[in-house]
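The values are calculated or read from the model by the stated rules, or taken from the named source; none is laboratory data. Since the model is a prediction, treat every value here as computed from it, not as a measurement. FYI the Cβ positions are ideal-geometry reconstructions off the backbone, even for glycines, and counts take in every protein chain you see.
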Amino acid sequence: MGSPSSCGGARTRSFWPLLLLLVAFASSALLAQYQKAPPDFGGSYSFPTPTHPEPRSGVALGIDLVLLAAGLGLGAYLVLGRRSRAGALALGVAAIAYFGFYRKGCTCPIGAIQNVTLSLVDPRYLISYTVLAFFFLPLVAAFLFGRVFCGGVCPLGAVQDLVVLKPKRVPETLDRWLRWLPFVYLAVAVFFAGWGIPTVSATGKALSGRRFVICEWDPFIGFFRVAGPFHMLAIGAAFLGVGAFYARPYCRWFCPYGALLSLASRFSWKYVRVTPDKELDCGLCAQSCPVGAIRANRADRADCLACARCYETCPRDVKLRGGDGPVELELHRRTAEAADDVHPAEPGS
Ligand code: SF4
Ligand code: SF4
C-alpha cells in the first residue's frame, strides 16, 4: 500500500487537469452563443442584441448564488471538518425550506443540465449566468470536497434523507446495475434538450421535439409547490415511500446530475473518511450507511452522499465526542465474538 502522502500527491495531480477541463467547459458553454456567426439571411434583417434573461431581480439572484456557495462551504465544513450528522441534517432542513419551498425547487443544477446543453447546441438559446453558476458550483465543490451538495444543500436529496426509517440492503449486483441508470437518464435528457425527435403538429407546423424531460419528470417539484399533476405527486410520494426502506432512491438510481457529481467526486481532493487516522475495520460504519457506499470499510467517493451518518456509529468518533453507550457495547460484543471465532471455548468449560 502506498503511503497516505504519496496517494494524496497522485490525487492532487489528477485533480487539477480535471478542474481545468471543467473551467474550459464552463467557458465554452458561455461563449458558444457569441462565437458562432449568425446565419446570413441576406436583405436588411438585423439580429437583436443578445441579452441574458434573468427571471428574478439581480439582488434576489445574488442571494440565491451566495446561499448556494455558502451552503456548499458550510456542508464541507460540517461533514468533513466537524464530522457532524446533526449539522448536515440542519443544513438539509434549511435547503428544503429555502431552495425547496421558498424557491419552489427552481434554482436547480439538475434541471440546469438541459439549459447548458441547449445553449451549447443552439446559439439562439441564451442561458442566464445564474443557471450556469448553479450548474457548475456543485461540480467544482465535488472536485474539492466530494458530494457535499448531495449531503445537505440539494432539497431533493434532503427531503429523501428525512424519510429514511429503516434502510435495507439492496443485493450488491443489482445495486451495481441500478447505479448505471442515472447515466442512461443523463444521456436521454441531454438528447431531448439538445436535439429531440422532430414532429409535425396537427396544423402541419414542424416542431423540433426538444423537451426538458428532467423538469417534466421531477418527482419532488409538485411537493415543493404544493401543487401539480396527480401522477407527478403520486410518483413523488412513491419515491418517499420507497425511500423509507431503500434510502434516497432518486439520488442513487435516477438523478442525472448525481451521475455527473459521482464522476467529479471520484477525483475529489477531500472526502468522507470514516477512520482517517486509525484502522478500525469493525464494520459498524458499513452497517450504518443507508446507501451502501462503504465497501471494505472505506467510503466510496463516487457513491458517498456525504450525509455523515457513518460518523455517528464510528467508535473512534463517539469516543472523540466524549460519548459512550450502545456503539461501544456493540463493538465490545463484536470483538468478543471475533475472539470466540478464533479461540472457540473448550467443550464443558
Ligand atoms: S443525487 Fe441528485 S437529487 Fe440526490 S442530492 Fe445529489 S443532486 Fe440532489
Ligand atoms: S459513507 Fe455512507 S453514511 Fe458515510 S457519509 Fe457517505 S453516504 Fe453517509
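For the subset of the stretch 263-281 comprising residues that are modelled with pLDDT under 95 and either polar (S, T, N, Q) or surrounded by fewer than 20 Cβ atoms within 10 Å (Cβ to Cβ) (or both), which member is nearest to Gly152 (Cα to Cα)? If we take residues in the stretch 263-281 being modelled with pLDDT under 95 and either polar (S, T, N, Q) or surrounded by fewer than 20 Cβ atoms within 10 Å (Cβ to Cβ) (or both), then Arg273 is nearest to Gly152 (Cα to Cα).
Rundown of residues vs (1) closer than 20 Å to Phe224 by Cα; (2) modelled with pLDDT under 95; (3) among the small types (Gly, Ala, Ser); (4) within 16 Å of ligand 2 (Cβ to nearest atom), yes/no style:
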residue: Gly71; (1), (2), (3), (4): yes, no, yes, no
residue: Ala76; (1), (2), (3), (4): no, no, yes, yes
residue: Val79; (1), (2), (3), (4): no, no, no, yes
residue: Leu91; (1), (2), (3), (4): yes, no, no, yes
residue: Arg103; (1), (2), (3), (4): yes, yes, no, no
residue: Thr107; (1), (2), (3), (4): yes, yes, no, no
residue: Gly111; (1), (2), (3), (4): yes, no, yes, no
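Whenever a residue of the stretch 236-252 is over 20 Å from Pro171 (Cβ atoms), its partners that are among the aliphatic types (A, V, I, L, M), lying with C-beta atoms within less than 7 angstrom and at least six residues away or across chains, give the pairs Leu240/Val163.
Condition check ((1) more than 14 Å from ligand 1 (Cβ to nearest atom); (2) more than 30 Å from Cys289 (Cα to Cα); (3) at pLDDT below 95; (4) among the aromatic types (Phe, Trp, Tyr)) across all residues:
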| position | (1), (2), (3), (4) |
| --- | --- |
| Pro123 | yes, yes, yes, no |
| Ala141 | no, no, no, no |
| Gly146 | no, no, no, no |
| Leu156 | no, no, no, no |
| Lys166 | yes, no, yes, no |
| Arg169 | yes, no, yes, no |
| Asp175 | yes, no, no, no |
| Ala193 | yes, yes, no, no |
| Thr199 | yes, yes, yes, no |
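Which one is farthest from ligand 2 (Cβ to nearest atom) among residues in the stretch 300-320 that are among the hydrophobic types (A, V, I, L, M, F, W, C) and in contact with a Cys (Cβ under 7 Å, 6 or more places away or on another chain)?
Here is the first cut: in the stretch 300-320, the residues among the hydrophobic types (A, V, I, L, M, F, W, C) are 302, 304-308, 310, 314, 318, 320.
Still in the list and also in contact with a Cys (Cβ under 7 Å, 6 or more places away or on another chain): 305-306, 310, 314.
Details: Leu305: 4, Ala306: 5, Cys310: 3, Cys314: 9 Å.
Within the stretch 300-320, the match that is farthest from ligand 2 (Cβ to nearest atom) is Cys314.
Within the stretch 277-317, the set of residues being part of a loop (DSSP other than H, G, I, E, B), closer than 22 Å to Gly87 by Cβ and more than 16 Å from ligand 1 (Cβ to nearest atom) comprises Asp277, Cys314.
Taking the criterion of being aliphatic (A, V, I, L, M), within 24 Å of Cys285 (Cα to Cα) and in a helix (DSSP H, G or I), the residues of the stretch 139-185 that qualify are Ala142, Leu144, Val148, Val153, Ala158, Val159, Leu162, Leu174, Leu178. Within the stretch 139-149, if we keep just the residues that are over 18 Å from Arg103 (Cβ atoms) and surrounded by 24 or more Cβ atoms within 10 Å (Cβ to Cβ), the residue that is nearest to the chain's Cα centre (by Cα) turns out to be Arg147.
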